[in-house]
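Just below is one structure, and these are the notes that go with it.
Taken together, the values in this text are just the output of simple stated rules run on the coordinates, not laboratory data. Everything numeric here is computed off the predicted structure, so don't read it as measured data. Methodologically, a virtual Cβ is constructed for each residue, glycine included, from the backbone with ideal geometry; neighbour enumeration extends over all protein chains shown.
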């Protein structure tokens with residue numbers, strides 16, 4: 001047996017081997033050490049005296065829970081099954097590896113997150129392009145394409161992989177694209193020869209029965225062929241099949257993508273939020289009823305597009321549900337508890353479908369006629385399109401309904417699969433077995449009467465079959481024709497010739513009935529496989545309906561409007577709102593704001609105002625409106641006109657990555673540099689407090705230069721919102737033609753401030769930082785001291801971002817401070833003279849030690865280039 005184990009292990013050296021032995025899956029050696037540690041199971045050993053071999057096992061009926069844990073930890077698991085029973089075997093029971101499960105190739109439903117897709121991505125680097133193939137094995141999705149190297153990270157964000165398939169290092173020693181792991185994805189390396197483009201093209205044509213791949217948008221020389229061929233080869237080797245669950249060959253992307261990177265998704269809180277999952281855009285939108293719709297929604301939010309025709313089609317579908325409450329209620333009722341048809345088909349195609357999987361398919365098909373009826377009774381082009389796309393599956397539905405029992409077993413070998421009345425021969429065998437069981441009950445009654453043993457009973461034991469059980473106190477009454485078979489602590493069990501004959505009849509009937517049922521089950525499974533394509537089409541329609549229902553429901557519930565999409569570059573939002581912030585406030589508590597950006601007239605808004613006034617919220621809500629419109633959703637506005645955006649850039653909020661060796665300021669500068677290099681005339685740029693992570697001089701200089709670059713840069717003029725505390729920047733409105741000043745309004749009442757959260761033309765003349773500190777609970781002595789220092793700074797530094805600074809002269813704008821003297825970084829000649837004058841004027845004789853320390857700290861701060 002161990003030789004058999006070692007042979008199978010050698011065939012799958014990178015996997016943990018689960019070796020079936022009776023009712024357990026066993027692991028040996030190093031695998032046992034890993035399994036014991038990861039799964040928290042007992043570790044024992046075989047042959048403890050001579051050469052102890054570590055051993056750890058799990059019960060076969062609970063294996064999926066253990067498999068899930070191993071896969072979640074990134075392990076590959078090979079499953080070796082017994083191919084025959086011990087009775088059938090002539091010597092050692094034959095075992096074979098029937099499947100290898102890796103993080104990216106899972107099809108078992110118990111190992112998958114119902115609402116999340118489970119992608120495996122293959123990558124192959126070409127001379128100038130990168131070939132990419134994507135598969136979701138549990139749903140049958142398969143995509144092929146090629147991208148520029150710089151776009152690879154966007155693809156991996158759109159299809160977040162659980163597993164990356166990469167070639168080993170190239171022959172010249174260069175590491176392949178993707179040598180750095182992406183997130184938590186498992187990295188699987190394959191021989192570079194398996195990424196051969198010619199072989200990949202042949203494999204695609206054969207697998208998808210395509211005479212010409214050009215009809216799929218794949219030209220003759222395509223870098224995606226190598227990645228696709230390697231991925232197909234890998235999946236076929238693991239699943240031991242030709243992968244019938246894979247559907248049609250799809251392009252890598254649908255339409256021209258709106259590029260959003262990880263930073264933008266994080267800043268807009270699309271999938272994650274510091275406040276928790278309930279504060280994300282996904283949470284607000286996810287009113288789906290099915291797992292298929294939930295996965296479709298997540299895929300949609302990862303892949304906004306710039307294709308106007310595609311977006312108008314999506315908006316039409318959303319509008320169907322947004323404008324009709326009765327339709328929403330009716331469709332929600334139709335989709336409620338609709339099974340996960342996509343993944344049921346994945347299991348069916350894998351060859352491991354159980355009777356209950358066919359039951360899931362039957363339950364889904366039962367609900368399709370009601371969905372069709374709803375589509376037929378509602379007007380509109382979108383309804384007609386869905387109705388035409390929904391295939392007629394009445395024949396398969398009738399077959400499964402007439403054949404399958406109401407309650408189905410987990411295994412195809414247990415019987416109880418086929419409905420009574422479907423097969424007369426099967427009914428006869430069942431009746432015969434039932435009659436014999438009745439005869440056994442009659443025999444039990446007769447033996448009680450014959451022997452006088454009132455508590456005599458006939459029992460069934462898996463090892464010994466049917467036996468007569470007699471307690472020890474009654475053994476004296478046992479007749480001579482009883483044959484002892486088993487002794488227990490308080491009873492003994494016997495067989496009789498008549499009971500043995502009855503048992504043989506039951507076993508013969510059961511074996512024959514199970515054989516017939518297994519045949520019926522196999523034919524039903526093959527019948528379902530023949531209908532795989534129309535079943536996939538039905539699953540797509542249901543997923544689209546559920547997705548559109550969720551978007552329409554959000555639009556109606558949150559009072560969103562359909563955006564007007566244009567090819568020009570105007571962005572005009574009337575009374576726009578931040579959807580997640582508004583949801584967290586009482587009704588009517590959110591203050592809406594307008595936004596109008598036009599690259600020809602109002603390209604850049606410089607927004608000033610106090611902290612907590614709503615600047616960052618305003619930036620995010622404008623970004624979310626553009627994002628929502630370009631996934632095909634309504635938007636939180638009264639009126640929205642959007643010139644399509646090709647990319648949303650955000651530099652919003654702190655993004656400290658000290659754990660990765662990068663400071664807040666470094667990350668801020670890196671993200672800003674990406675914006676300046678990659679923004680186009682169609683981009684939307686959202687900047688919040690650029691330059692605040694360094695000294696005031698440096699920060700102001702950088703913010704100033706960034707604003708000028710966005711306005712007058714040689715490459716592009718992106719639509720830009722720039723929130724800042726550098727009030728000096730507002731003077732740029734006088735010298736830069738397309739810059740407009742906006743401020744967050746506040747009201748001051750009796751020394752207290754009230755945040756109005758509305759955006760208005762103009763500039764802020766104060767920062768109200770001390771007021772905000774007071775609201776935050778800062779101790780009063782600290783606040784009073786801050787007011788004293790502020791009053792002094794307002795006099796000493798009237799032009800360095802301080803409240804009360806005099807306004808600039810018309811037509812002029814301030815330049816950053818004069819450059820420092822050589823050898824004296826950060827301090828100019830004039831500043832040095834000012835510092836010496838202040839130092840000489842200090843009244844040291846009358847100052848307290850605390851006052852002296854305060855003045856010393858202030859002067860040192862000035863010498864270093866900051867204001868303290």
Net length gained if the chain between residue 352 and residue 674 were fully extended (0.36 nm per residue, minus Cα distance) | 111.1 nm
Per DSSP H run of n ≥ 4, the term is -39500 (n - 2.57); total these for the chain, divide by its residue number, and report the mean residue ellipticity at 222 nm rounded to 500 deg cm²/dmol.
-> -13500 deg cm²/dmol
With axes computed from alpha carbons, what is the tilt in degrees of helix 2-11 against the longest principal axis of the chain, rounded to the nearest 10 within 0 to 90?
-> 40 degrees
Peptides 230-240, 681-691, 554-564: what's the order by average Cβ count within 10 Å, highest mean first?
-> 681-691, 230-240, 554-564
Note: residue 73 to residue 485 extended length (0.36 nm per residue) minus current alpha-carbon separation gives 143.4 nm
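Could you list 55, 783, 844 so that the one with the fewest beta carbons within 10 Å of its beta carbon is first and the one with the most is last?
844, 783, 55
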Running Debye on region 407-482 with equal point scatterers at the Cα sites and no solvent, what base-10 log of I(q)/I(0) appears at q = 0.16, 0.18, 0.22 Å⁻¹?
-> -0.75, -0.84, -1.03
With the contact rule set at Cα under 8 Å and sequence spacing of 6 or more, what percent relative contact order holds for the chain?
-> 9 percent
Could you grab the relative contact order for region 564-765? Cα pairs under 8 Å, six or more apart, rounded to a whole percent.
-> 28 percent
Please give the helix 849-863 orientation as an angle from the longest Cα principal axis of the chain, in degrees from 0 to 90, rounded to the nearest 10.
-> 90 degrees
Volume of the Cα convex hull of region 462-600, divided per residue and given in Å³ | 299 Å³
For region 285-349, just the Cα set please: Rg and Dmax, both in angstrom.
-> 14.0, 39
Considering the Cα trace of region 351-443, what is its radius of gyration and what is Dmax, both in angstroms?
-> 19.5, 71
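Order these peptides, 439-448, 740-749, by their mean beta-carbon neighbour count within 10 angstrom, highest first.
Result, highest mean first: 740-749, 439-448.
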Final fewest-first order of 435, 553 on the 10 Å Cβ neighbour count is 435, 553
Helix axis angle, 224-239 relative to the chain longest principal axis, alpha carbon, degrees | 40 degrees
What is the distance in Å between the Cα centres of region 734-794 and region 625-651?
-> 31 Å
Just how many % of Cα pairs in the chain lie over 54 Å apart, if you round to the nearest whole percent?
-> 34 percent
extent check for region 2-101: Cα max minus min per principal axis, descending, whole Å, gives 38, 34, 25
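Below 8 Å, C-alpha to C-alpha, sequence gap of six or more: please give me the relative contact order for region 448-603 in percent.
Normalised by residue count, the contact order of region 448-603 is 11 percent.
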Debye intensity ratio in log₁₀ form over the Cα atoms of region 217-293, taken at each q of 0.17, 0.24, 0.27 Å⁻¹ | -0.96, -1.08, -1.22
Counting all C-alpha pairs of region 457-501, share separated by more than 13 Å (%) = 51 percent
Sort the following peptides by mean Cβ neighbour count (other Cβ atoms within 10 Å, averaged over residues), highest first: 151-158, 399-406.
-> 151-158, 399-406
Report the label-to-label distance for residue 735 and residue 387 in nanometres (one decimal), using points 7 Å from each Cα along the Cα→Cβ vector.
-> 6.6 nm
Could you please rank 520, 578, 422, placing first whichever residue has the fewest other Cβ atoms within 10 Å of its Cβ?
-> 422, 520, 578
Return, for the Cα atoms of region 424-523, the radius of gyration and Dmax in Å, separated by a comma.
-> 16.0, 55
Can you give the three extents of the C-alpha atoms in region 185-325 along their principal axes, from longest to shortest, in whole Å?
-> 50, 33, 28
